[in-house]
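Below is one structure, written out as structure tokens, with a few remarks after it.
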Amino acid sequence: MASLQHVYRRGHIFWWRRVHRISGGRPLDIRISLRTSDRSKARNRGAALAGATGGVLTMLNEKIRTVGAVPAETELQAMARSLYDELLTDLCSQQRAAPGDAELHSAANLAFIDYYQRLTSLGGHMSLLPGEELRLANELKWDEQRLADLRAIIRLREEKGITQLQPQALDRELRLRGYEPTDRLRWMLELAVYPHYRDAHIEAEIVLQEAVAPIEDVQHPAETCAPPVTLNTAATEVTSGPALSDFVEQAITDLVVEEIWDMKSARQARSSAALFELLVGQKPFEAYTQADFASFKRKVAYLPSRYDMGSDKSRAALLQRIADFEADDSLQKDKSQHLSARTRNRHISSLKGLHRWASKTGMTIPAIKFDDLFIPVSKAKRARSLRPATPADDVGKLFALPVFTGCQPHPGGTGQKVLSARFTAGDTIVHDAFYWCPLLLHYTGARREELCKLRPSDIKIENGIAFIWIDFTDTGRLKNDHSVRPVPLHGELIRLGFLDFVHECGERGYNVLFPELRPTNAVQGFGDVYFKNVWAHLKGRADLTGDATVHGMRHRFSTDLKTQKVFSEFRRDVMGHAGTNINEERYSDAGPLAELKAVVEQLPSVTAHLLPAPMQLPPPAVRIAQPAKSRQGRAE
């Protein structure tokens, strides 16, 4: 047998075996049955396998190196453009094949433009809730047919799984570029595809209209607003020095690394820089003047509350809107049509941060007085009136939902069948974010991010007092240093089994109490996922008023303690607020834990009607981050 290299006999069958070192130095033991008892055939087959080993190992090493690899943004955009071309070709071919159905094609294009714009704005799929329908109808003036078309597309996806963007197409693009498809990579590519699919339907609609009504035959109505604005996409000649767009990404990277900005600030800065060059024009950064920034401040007021800059057509539409406003005094005077002062100030603040970075890095910068650009915000309303407490009646309606009193059995998650079970009366209590987060919000007064990012190790017991230790952790930051604090658990939380829930999460190896709220991108926080995946459903099903917000629960906590005549210093200690004057800030220590426990216990109970239930957590496979869920702007 020695003459048969790498071949040995097991029973009466010959086998071939090699041990190789692959990527990372790991041993790979390969054993293959040669399926023969004939010595000569075994020698030939073994030799063939030995000859192919080099190529197989190269393939395996390439596979190993691609596991965990993430495509760069340029690669994602290239894949998205490929899918865009494929969809546009298909749409135009269908339109040409059935010119008699032009009206149906047009209706479909317009509906899908709305659908993909919504996916782009939300960051993924989300059910169309009654509150959103009302906003689209009342604020954006959508007619019933437009709402019905959007509703039909969403229903096709949710109820029948019918969608234009198939996982097979995503997998194909990923594999073509050497990436093994995973849920995370599919999610990243899907997000990149949404605006491209929207633009494909826009382009298909343009092609359709040109086909059914040639441009020279169209009779345009008399202009009643400013002349049309065209978007000049040619690059503006830059005579010296970098433009804002040339250094904005490096500035963002540096400021995020230095922890001066978080990812949300970075996204705001990127948007502000692009908007500034669109509205003012691109030129060397050092060439801008105070008048340019003042012009930006004026023009940005005329933007709609929601807009898109993802295509030449959408950018041209923004410029046209601004031209219309500048040509019409009545529009300029109608403040209800303007962006809020706070939103405009955020743009100015982002540009100020980029200006400061450029100065620190030695770039030649323009002399800009940013303090003269900020818009004074009226202080006519007290801060508590701007973000009111959630009404007590709404709190009562919230905790009367079947989620808390008993619902139908379900495995957890946010699918349509699960949501139906969550809000249908029964005798089951499922202990996940739907159940615990509202209770924690009410009985701790903590911020949503502080609670949603909690780990089992953040719940502690000292001297018989159970409390939450809120701090900067690997699961998220806090608003400021004053936010680091202990928050004793109210007796109702303990009675309903919160400590048992924490223990069970620890036993299951969860590193966070609510893994289903884990962010799926660098911009989101745990609280953002809670707001869109949980709170939106709770608020809609309980039919809460507009004043019922997540942050309003925090105001409710403070208001209820004030009603119990709890001193403001103790309220601030529990809620993580700084002192209001030098005496409170410098000369008052945080209250001892026992005193804080007594403060929290003064909060009136609103859940005495709820009964403790056997601990029931969704299975681990359900309690994972859900990349397919939407990303919704915070509307609190």
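The values are calculated or read from the model by the stated rules, or taken from the named source; none is laboratory data. Note that the structure is predicted; figures quoted are calculated from it, not measured. Note that each Cβ is placed from the backbone with ideal geometry, even for glycine, and that neighbours are counted across all protein chains shown. Accessible surface is based on the protein model in full, side chains and every heavy atom, while ligands, DNA and RNA are left aside. Shrake-Rupley method; radii C 1.70, N 1.55, O 1.52, S 1.80 Å.
Among Ala102, Leu119, Leu147, which residue has its Cα furthest toward the positive end of the charge dipole of segment 94-159, with +1 on Lys/Arg Cβ and -1 on Asp/Glu Cβ?
Leu119
Could you calculate, for segment 418-462, the ratio of the Cα radius of gyration to the Kirkwood radius, expressed as Rg to Rh?
1.06
After finding the eigenvalues of the alpha carbon gyration tensor for segment 244-377, what semi-axes result from the square roots of 5 times each, listed largest first in whole Å?
26, 16, 15
Return, for the Cα atoms of segment 392-601, the radius of gyration and Dmax in Å, separated by a comma.
Just the Cα atoms of segment 392-601 yield Rg and Dmax of 17.2, 55 Å.
Show Asp114, Asp149 ordered by accessible area, largest first, where the area counts protein heavy atoms only and the probe is 1.4 Å.
Of Asp114, Asp149, the descending order of accessible area is Asp149, Asp114.
Which entries of Lys297/Lys539; Lys160/Lys532; Lys264/Lys333; Lys264/Lys369 have Cα-Cα distances beyond 30 Å here?
With Cα atoms farther than 30 Å apart: Lys297/Lys539; Lys264/Lys333.
At what distance in angstrom do the alpha carbon centres of segment 144-202 and segment 267-294 lie from each other?
34 Å
Just to confirm the filter: which trypsin sites (Lys or Arg not before Pro) across segment 305-381 are DSSP coil and have at most 16 other Cβ within 10 angstrom of their Cβ?
Arg306, Lys369, Lys379, Lys381
Accessible area per residue of segment 440-493 at 1.4 Å probe, in Å²?
Per residue, segment 440-493 has 37 Å² of solvent-accessible surface.
Is the shape of segment 104-198 best called rounded, prolate or oblate, per the rule: a/c under 1.5 gives rounded, else a/b larger than b/c gives prolate, else oblate, with a ≥ b ≥ c the square roots of the Cα gyration tensor eigenvalues?
Prolate, since a/c reaches 1.5 and a/b exceeds b/c.
Between Thr428 and Ser33, 0.36 nm times their residue separation minus their Cα-Cα distance comes to what?
Result: 136.8 nm gained on full extension.
How large, in percent, is the carbon and sulfur part of the accessible surface of segment 104-198 at a probe radius of 1.4 Å?
On the way: 2690 of 4740 Å².
That fraction is 57 percent.
With a probe of 1.4 Å, find how much accessible area segment 81-191 has per residue, and write the answer as a whole number in Å².
55 Å²
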